[in-house]
Amino acid sequence: MCFAQLSHAIGLNDVCDWLRMKQQALATLGATPPSRNTLSHANKVRPAVCVEQLFWKQLGHLQSCEPGFGRGKIGKGLLRRFRVKIHAVDSTTMELVAHCLDWAKHRRRKAAAKMHLRLDLQSFLPSFAIVDTAKHHDNLRAREVCATLQSGEVVVFDKAYVDFQHLSELDSRGVWWVTRAKDNMICRRARNLPLPKGGKIVKDQVVVLSGGQVARRVKAWVKVDEKEQLLVFITNNFDWSPQSVCDLYRCRWDIEVFFKQVKQTLRLSNFLGHSANAVRWQVYSALLVYVLLRFQAYLSQWGHSFTRLFAVVRSALWERLDLLGLLRSYGTAGGLFKIWGALAQAWIPGLEPKAT
């Protein structure tokens, strides 16, 4: 399934035929290419919890091996004034074929699966994920996605995840949250807070929500797609500056970049199986490949885009060379000679690499 992600396979026959042609290379790993029926049966019957547990254990292992990989860049960009973990919560919809996937129908002629994700904004790595049908509203999954948040951490989500009772539970656990206010949100103003100079912050108020919870409401001009828009945010933190509240929510849009990276490079469409189990296998396989690629990028100090990283790894998939050395030399002035040296060393026995 990881090979299907890296090769952009268009079907089960594509995966099996390709692996059968690489039978000798697989034999060196002690593996044999699967038949189409075997792979199809595994997609349908083998529980997807296997690949889900593999993904989380592999992620935890890599983070323990390289603490810097799991820690990420705390205090980068707009988040430079914060020294705590900041999470973004959102979901992405994956369109499916309605007449083949009855379990995923959420409209008369539409079917889709949805991935609810919590992303660590400092490390840009997933910290929680749920794959389900798209017919359930996002706020029904909010408690599960935020269940493992620790006191002092910050979570940012859009208004689709707003549930006042859940917000109150996060507050009681010591978790800071920032979200957008719904257009029909009912609240009562308790008092106004002083406004900073500059005119970007229109209102900064302490309000009482309809459930009796006290929150902070910030109304400000925020640049969205190169245009200034008037947005309203709510949070349970009264110590941050209003600009920090706006900056935190703007950082939530980084999760959209994550979804874009994954969906544009890996296979989160044209699923290889029609069952719910097969869809979960493919989604978690995509996340596993993403983490492995990001780990290689961290070790090699990769300075290019994730899409370019995927393209390089994909092109070198069946070459006998040092992938880490390839990534370290890629794009440098002497990189061409290093790459060809690695290829020559792999294919010509006894050849010693020359100093560069």
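Annotations
- What the Cβ-Cβ distance of K223 and D183 gives, at R0 = 25 Å and to the nearest 0.05, is a FRET efficiency of 0.75.
- Sites E144 and Q24 - FRET efficiency at Förster radius 41 Å, r taken between beta-carbons, to 0.05: 0.35
- With both labels modelled 7 Å from their Cα along Cα-to-Cβ, the E256 to E319 distance reads 3.6 nm.
- Mean projected area (nm²) of the alpha-carbon convex hull when region 184-332 is viewed from all directions: 14.7 nm²
- Across region 189-199, coupling constants 3J(HN,Hα) worked out from phi with the 6.51/-1.76/1.60 Karplus curve, θ = phi - 60°, read 6, 9, 6, 9, 9, x, 9, x, 6, x, x Hz, and Gly and Pro carry x.
- Label point 7 Å beyond Cα of H61 along Cβ direction - residues of region 30-55 with amide nitrogen under 11 Å: 54-55
- Calculated P(r) tail over 20 Å for region 263-332, as whole % of Cα pairs: 36 percent
- DSSP H segments from the chain that extend 27 Å or more along their own axis, Cα-based, with Kyte-Doolittle mean of -0.5 or above: 276-300
- For region 153-223 versus region 9-61, the gap between their alpha-carbon centres in whole angstrom: 47 Å
- Projected label points at S35 and C50, each 7 Å from Cα along the beta carbon direction, are separated by 1.8 nanometres.
- For the chain, the Stokes-Einstein estimate of translational diffusion at 10 °C and a viscosity of 1.306 mPa s comes to 69 µm²/s, using the Kirkwood hydrodynamic radius over alpha-carbon pairs.
- Normalised contact order of region 108-190, rounded percent, pairs of Cα under 8 Å and 6 or more residues apart: 22 percent
- Cβ crowding within 10 Å averaged over residues, with 310-316, 184-190 ranked highest first: 310-316, 184-190
- Between V214 and R191, the distance separating the two model label sites (each 7 Å from Cα on the Cα→Cβ line) works out to 0.9 nm.
Any read-out appearing in this document is the output of simple, stated calculations on the displayed coordinates, not a laboratory observation. Note that the structure is a prediction, hence the values are computed from the model and not measured. Note that each Cβ is placed from the backbone with ideal geometry, even for glycine, and that neighbours are counted across all protein chains shown.
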